[in-house]
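Below is one structure; the comments refer to it alone.
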Amino acid sequence: MSARSVPRRVQGVDALRGIALLMMFAYHFSFDLRYYRVAAFDFEHDPFWLGFRALIVASFMTLVGLSLVLADRSGSTPTHFWRRVAVIAACAIAATAASYVLFPKTFITFGILHCIAVTSVIARPFARRPAIALALGAAIVVAGIAYANAAFDTSALDWIGFRTVKPATEDYVPLAPWSGFAFAGIALGNALARSGFGALAPLGQAPQWLRFLGRHSLFAYMVHQPIFFALLWMAFGR
């Protein structure tokens, strides 16, 4: 298959991003309800919330790998890739700054956007090597879940993972295990690319607003929490 055999935008992929965003909105709105003391959800220990968060993060990271394949197969240029990474990195820094204002003791140091930016760089060379990507992905996920060492319990190494204790931060998405899902997404993306992403065609019929949301996922990520906080502040004050 030539590099341009797949269209630059696949509506089904946009729909998947939209679905992942809706799950994240539900999680964050619930978190904000606890912040305003409207609800008492236990995000730190309740298996439901822990599992729901894991599903959301895994979905986004898998879509990172799938999107790398889509960009490669559609002939995206290195300039476009690095510009996109720079925008994501800038948004990650903005998220850190905003979290510092709200949570100065537990602000975000390496969250989902940080992980996406770094993973995009290290996973991109494997966009056309699905077998290697799948093996790496499985190894990273297993190692990230099964292995921990006190040597990694330092803020300088937070981004890697393998900690014995989760650091005090509002969003923690280290490379191990989460980047492994992006490598697995590369394998999935290559499998889908063989049919021009035709397997996702039914999702391309999803409501236009959902596909639009997925098409502008980074913007939606950056604005949804300020909107939620503003609405809840107007409703309940602080």
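Being more than 19 Å from the chain's Cα centre (by Cα) and of a type in the set (A, V, I, L, M), is that true of even one residue in the stretch 25-33? Yes - at least one qualifying residue is present in the stretch 25-33. Cβ-Cβ contacts under 6 Å between residues 6 or more apart (or on different chains), taken from a first residue in the stretch 218-238 that is without any contact (Cβ under 8 Å) to a residue 12 or more places away in the chain to a second residue that is part of a helix (DSSP H, G or I), are absent. Here is the figure for the stretch 139-184: residues that are among the polar types (S, T, N, Q), surrounded by fewer than 19 Cβ atoms within 10 Å (Cβ to Cβ) and not in a helix (DSSP H, G or I) total 3. For the stretch 180-198, the criterion of being at pLDDT 95 or above and either of a type in the set (Val, Ile, Thr) or farther than 23 Å from residue 14 by Cβ (or both) is met by at least one residue.
Going through the stretch 199-238 one residue at a time, which ones are among the small types (Gly, Ala, Ser) and either touching a Leu at 6+ places or on another chain (Cβ under 8 Å) or surrounded by 14 or more Cβ atoms within 10 Å (Cβ to Cβ) (or both)? Correct list: 199, 204, 206, 214, 217, 220.
Being at pLDDT below 95, over 13 Å from the mean Cα position of the chain (by Cα) and either aromatic (Phe, Trp, Tyr) or not in a loop (DSSP other than H, G, I, E, B) (or both): is that true of residue 136 here? In short, no. Taking the criterion of being of a type outside the set (Ser, Thr, Tyr), touching a residue at least 12 places away in the same chain (Cβ under 8 Å) and more than 21 Å from residue 11 (Cα to Cα), the residues of the stretch 58-97 that qualify are 85, 87, 88, 89, 91, 92, 94, 95.
Filtering the stretch 88-133 to residues that are part of a loop (DSSP other than H, G, I, E, B), hydroxyl-bearing (Ser, Thr, Tyr) and either crowded, with 20+ Cβ neighbours inside 10 Å or more than 18 Å from the chain's Cα centre (by Cα) (or both) leaves only 106. The requirement of being out of contact with any Ser or Thr (no Cβ under 7 Å at 6 or more places or on another chain), surrounded by fewer than 22 Cβ atoms within 10 Å (Cβ to Cβ) and more than 24 Å from residue 179 (Cβ to Cβ) is not satisfied by residue 83.
Limited to the stretch 169-217, what total is found for residues that are at positive phi and aliphatic (A, V, I, L, M)?
0
Restrict the check to the stretch 6-27 and report whether at least one residue is closer than 23 Å to residue 181 by Cα, polar (S, T, N, Q) and modelled with pLDDT of 95 or more. The answer is no, given that none of the residues of the stretch 6-27 is closer than 23 Å to residue 181 by Cα, polar (S, T, N, Q) and modelled with pLDDT of 95 or more.
For residue 148, the criteria (1) closer than 27 Å to residue 98 by Cα; (2) more than 22 Å from the chain's Cα centre (by Cα) hold in every case but one, which is (1).
The values are calculated or read from the model by the stated rules, or taken from the named source; none is laboratory data. Source: prediction; values computed, not measured. Here Cβ is always computed from backbone atoms with ideal geometry, including for glycine, and neighbour counts include all displayed protein chains.
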